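Structure first, then comments.
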Amino acid sequence: MNLPNCPKCNSEYTYEDGTMLVCPECGHEWMVNQETENDEDSSIIKDANGNVLSDGDTITVIKDLKVKGSSSVLKQGTKVKNIRLVEGDHDIDCKIDGFGPMKLKSEFVKKI
Ligand SMILES: [Zn+2]
């Protein structure tokens, strides 16, 4: 199960109780699959470990990634500084030394 973090306190220790999700840390309860009305909450992007990413973060790539339109491979462990979060399938916009501007998927990165 991959439950969302608590929309109030961002705790990752949420659990399901019937049709509700419950946060044991702040006591907040909310409906499963309910879209949050707060734009900020709905735009939360998390890395492979579930840590929330923000603009300017430094991340590392957790697996070898093929670079679209080239034969190069972005190696696992590559450090990427100063990421920018964007909307879409590839939700991280960044610039990587030796590669130039790139878009990455947050599920393949880890915040440092
Ligand atoms: Zn909470």
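The values are calculated or read from the model by the stated rules, or taken from the named source; none is laboratory data. These numbers come from a predicted model, not from an experiment. Counting neighbours? That spans all protein chains shown, and the Cβs are built from the backbone with ideal geometry, glycine included. For accessibility, only protein heavy atoms count, side chains too; no ligands or nucleic acids. Shrake-Rupley method; radii C 1.70, N 1.55, O 1.52, S 1.80 Å.
A few remarks follow.
- When each of Lys81, Lys105, Lys46 is tested for being of a type outside the set (S, T, N, Q) and in contact (Cβ under 8 Å) with a residue 60 or more places away in the chain, the lone residue that passes is Lys46.
- Filtered residues of the range 73-112 (kept if open to solvent by less than 50 Å² (accessible area, probe 1.4 Å) and over 19 Å from Leu53 (Cα atoms)): Leu74, Gly100
- Scan of the range 1-27 for residues that are free of Cβ contacts under 8 Å to residues at least 12 places away in the same chain, within 12 Å of the ligand (Cβ to nearest atom) and surrounded by fewer than 13 Cβ atoms within 10 Å (Cβ to Cβ), ordered by number: Gly27
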